[in-house]
Amino acid sequence: MADDTDDDAVELEARLAAQDTFEPPESFVEQANVADDGIYDEFAEDWPDCWEDAAALVDWDEPYDTVLDDSNPPFFEWFTGGSLNASYNCLDRHVENGAKNRAAIQWEGELGEERTYTYQDLYREVNAFAAGLRDLGVEADDVVTLYMPMIPELPIAMLACARIGAPHSVVFAGFSANALATRMNAADSEYLVTCDGYYRRGDALNHKGKADEGLRGVDHDVETVVVDRLGDELTHFLGDHAHDYGELVDRHEGTHVEPVSRDAEDMLFLMYTSGTTGEPKGVKHTTGGYLSYAAWTTQNVLDVKPEDTYWCAADIGWITGHSYIVYGPLALGTTTVMYEGTPDYPERDRLWELVEKYRVDQLYTAPTAIRSFMKWGTEYPNRHDLSSLRLLGTVGEPINPRAWKWYYKHIGNEDCPVVDTWWQTETGGMMITTLPGVGDMKPGSAGPPLPGIGAEVVDVAGDPVDEGNAGYLTVNKPWPGMLRTLYKNDERFIDEYWREYSDVDSDDPDDWTYFPEDGAKIDDDGYITVLGRVDDVINVSGHRLGTMEIESAIVGVEGVAEAAVVGADHDVKGEAVHAYVITEDDATPGDALRERIIQGVEDAIGPIARPESVVFTPELPKTRSGKIMRRLLVDVANGDDLGDTSTLRNPDVVEDIQAAVDAGD
Ligand code: ATP
Ligand code: MG
């Protein structure tokens, strides 16, 4: 099999590099869930009632009487008066409507174990566990913390909570014991579901040990349920207040738990942000608006149909997994794939092996993963038949055009649209992206706001910027999937997201604008390019430089796979740019490449952005969603003590980088 030959690379470079607009493939458009661009006008004219299209995707116990209640901004409410149950919508109605034997979850363990849960299977286990949770005393509105890796019991526990009206708070399994404790304390959560351990690159990790350590930091009593994932591989002991998941489920085998009818505005779950920019925030999502919005975006952006096998290769411990592994796809009754392990175990073709094995129709992943695939080379995807793929998606950070084109060509074979979806934990679902059967794609730019979404790029005064200019991203209209508040902290909710661009003393909803804290540009077709966090700005001799722009220039240099830049104190300039660079596997880190990187930045932005140092490193500190934790690199560059590393996916890496800096690499 041919490696990434020079010819191949040259051809890709030449043909694709020159192209900046891509039309959706004809074959895709013909079958797309949305193929008519009239939807934009329709939604604009019929706002907010247009969102009844989303509400129509779920079954209501009681119909709602108001689409949007905007009488108390920014506490917007959607589909008020209605009631529903999320677990019923993800399970019972599919079982009742002839889909009971369709696979709901297709799970693959890291070591290659397979588990298929049909809708019927999932229904049975969710009911049994819901009954088990009630045995422990869980009632409606009690927050249940779920600290679990990518095993089927995680979505099962989520749906069991939803069934009895208990909001869940999922804590990413990679987070530290301390991160677990802070979140359980903040949410007054008296219940924890966890597991003994899981596999990571073939090693059995002791997760229970970490959970126990976390529990020692919790200031109240907790009932714990432990899933036995590893069997004999890892023995664990159930102490006081601990219960075996298997026993609870067996005890209630065959039980039907009546789904608790929840008010549309009742909390479905709580999710703490990862704290890339500051202290974690407890984002509150509700049942009616969130579920409708997750289902609508899954259907219309990811083009999911019930007969598809759809795979979002994210972690459920991140909002992306909540909306697009669990709630969106299951509400639509499709098959959702779940994979426990890492993409490079046992080999770097694991994802492509799974795409081929399960004949995956849509693949949704993050730019950080795509950049790793690029770094590893085309040999790995080339080993597999990826022809089942119909659509590709990305989320989590801006995708640089080179990575976009690589994904489009080497994974999508140039016949899958790529949706670059901008959204946040707080937005509940996608906000800015092309509709894959409608809009042309422009690599690097997420696209226009979705129909009905009032995203705008404005200047400091709140006025729209001219095309091509950079400004601040804002959202001037509420939407069903929006967060309702920060848990028990309405004041911080207003301060974090609204104060900047709203008249906070006004009762007029039009005076309220949501501020996601991202910088962006808009072009003359209304396409928005998200530039990154507004606070990720480096001030060199009074010039404000966006980290994202400099990183994009560095990643455009051949041989560079990934880059992070930060500003560190500088006596003369105020701040100086420092770059941390991961090279592609076949590139040599060293002075020659360093020179090309510095030149690349000077050419793209100017000498003012010239990096003071370029450090080569095998890894960068990342959050659960693959975002670089720049604040830690700032600490390294300044020679300061490292701040909180408890929410890093790879906590050891910071010290490695520190060592590389000290060694002068
Ligand atoms: P924090 O704790 O700092 O809020 P987080 O990990 O919770 O971090 P998320 O809600 O997962 O953050 O990420 C939202 C952010 O990710 C957006 O505000 C934006 O900066 C970035 N982002 C997500 N998708 C895209 C995209 N397609 N293009 C550009 N940026 C994106
Ligand atoms: Mg955020």
Query raised in the report: Among I528, I538, which is of a type outside the set (D, E, K, R), in contact with a Lys or Arg (Cβ under 9 Å, 6 or more places away or on another chain) and more than 30 Å from Y40 (Cα to Cα)?
Result: I538
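May I ask you to verify whether G532 is at pLDDT below 90 and either in a strand (DSSP E or B) or on the phi > 0 side of the Ramachandran plot (or both)?
Working: at pLDDT below 90: yes; either in a strand (DSSP E or B) or on the phi > 0 side of the Ramachandran plot (or both): yes.
Yes.
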Report summary line: Here the residues within segment 130-149 that are touching an Asp or Glu at 6+ places or on another chain (Cβ under 8 Å) and surrounded by 24 or more Cβ atoms within 10 Å (Cβ to Cβ) are P149
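Pick out the one residue from D244, D240 that is away from ligand 1 (no atom under 16 Å from the Cβ) and free of Cβ contacts under 8 Å to residues at least 12 places away in the same chain. Steps first, please.
Values: D244 fails: free of Cβ contacts under 8 Å to residues at least 12 places away in the same chain.
Residue meeting the stated conditions: D240.
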Query raised in the report: Tell me, which helices (runs of 4 or more DSSP H) wholly within segment 144-229 include 1 or more residues that are within 28 Å of Y290 (Cα to Cα)?
Result: 153-163, 177-186
Query raised in the report: Under 6 Å by Cβ, and 6 or more places apart or on different chains, what pairs join a residue from segment 112-124 that is free of Cβ contacts under 8 Å to residues at least 12 places away in the same chain with one that is surrounded by 14 or more Cβ atoms within 10 Å (Cβ to Cβ)?
Result: E114/E108
Report summary line: Filtering segment 498-515 down to residues that are surrounded by 13 or more Cβ atoms within 10 Å (Cβ to Cβ) and within 13 Å of K477 (Cα to Cα) yields W498, Y501, S502, P509, D511, W512, T513, Y514, F515
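So which residues in segment 651-665 are in contact (Cβ under 8 Å) with a residue 24 or more places away in the chain and of a type in the set (D, E, K, R), if there are any at all? Write out each step before concluding.
Within segment 651-665, the subset in contact (Cβ under 8 Å) with a residue 24 or more places away in the chain is 651, 653-654, 656-657, 660-661, 665.
D656, D665 - these are the residues of segment 651-665 that are in contact (Cβ under 8 Å) with a residue 24 or more places away in the chain and of a type in the set (D, E, K, R).
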Query raised in the report: Which residues, taken from segment 634-650, are buried (at least 18 other Cβ atoms within 10 Å of the Cβ), touching a residue at least 60 places away in the same chain (Cβ under 8 Å) and over 27 Å from A313 (Cα atoms)?
Result: V634, A637
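Across segment 409-441, which residue is farthest from the chain's Cα centre (by Cα) among those that are of a type in the set (S, T, Y) and buried (at least 22 other Cβ atoms within 10 Å of the Cβ)? Even if it seems obvious, please write down each step before you answer.
Step one: list which residues in segment 409-441 are of a type in the set (S, T, Y), which gives 421, 425, 427, 433-434.
Still in the list and also buried (at least 22 other Cβ atoms within 10 Å of the Cβ): 421, 427, 433-434.
Working: T421: 10, T427: 11, T433: 14, T434: 18 Å.
Once the filter is applied, the top-ranked residue is T434.
Look at segment 281-308 and say how many of its residues are assigned to a loop (DSSP other than H, G, I, E, B) and surrounded by fewer than 23 Cβ atoms within 10 Å (Cβ to Cβ). Spell out how you get there, then give the answer.
So the first thing to find is which residues in segment 281-308 are assigned to a loop (DSSP other than H, G, I, E, B), and the list is 281, 287, 301-308.
Next, from what is left, pick out any that are surrounded by fewer than 23 Cβ atoms within 10 Å (Cβ to Cβ): 305-308.
Count: 4.
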**Report entry** Residues that are within 14 Å of ligand 2 (Cβ to nearest atom), over 15 Å from the mean Cα position of the chain (by Cα) and among the β-branched types (V, I, T), drawn from segment 256-296
**Finding:** T277
Report summary line: Within segment 66-88, of all residues that are over 25 Å from the mean Cα position of the chain (by Cα) and among the small types (G, A, S), the one farthest from H285 (Cα to Cα) is S71
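May I ask you to say which residue of V249, V257 is more than 16 Å from ligand 1 (Cβ to nearest atom), more than 21 Å from R649 (Cβ to Cβ), in contact with a helix residue (DSSP H, G or I) (Cβ under 8 Å, 6 or more places away or on another chain) and not in a helix (DSSP H, G or I)? Walk me through it before giving the result.
Values: V249 fails: not in a helix (DSSP H, G or I).
The unique qualifying residue is V257.
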Report task. Identify, from the list V460, V419, the residue that is of a type in the set (V, I, T) and either under 30 Å from G317 (Cβ atoms) or within 16 Å of ligand 2 (Cβ to nearest atom) (or both). Result -> V419
Report summary line: Picking from G444, G471, the residue that is of a type outside the set (D, E, K, R), surrounded by fewer than 24 Cβ atoms within 10 Å (Cβ to Cβ), free of Cβ contacts under 8 Å to residues at least 60 places away in the same chain and within 23 Å of D535 (Cα to Cα) would be G471
Query raised in the report: In the list A470, A455, which residue meets the criterion of being in contact with a strand residue (DSSP E or B) (Cβ under 7 Å, 6 or more places away or on another chain), within 16 Å of ligand 1 (Cβ to nearest atom) and over 24 Å from T297 (Cβ atoms)?
Result: A470
**Report entry** Of the criteria (1) in a loop (DSSP other than H, G, I, E, B); (2) within 30 Å of I494 (Cβ to Cβ); (3) not aromatic (F, W, Y), which one T588 fails
**Finding:** (2)
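The values are calculated or read from the model by the stated rules, or taken from the named source; none is laboratory data. The structure displayed is predicted, hence computed values, not measured ones. We place every Cβ from the backbone using ideal geometry, glycine too, and count neighbours over all the protein chains shown.
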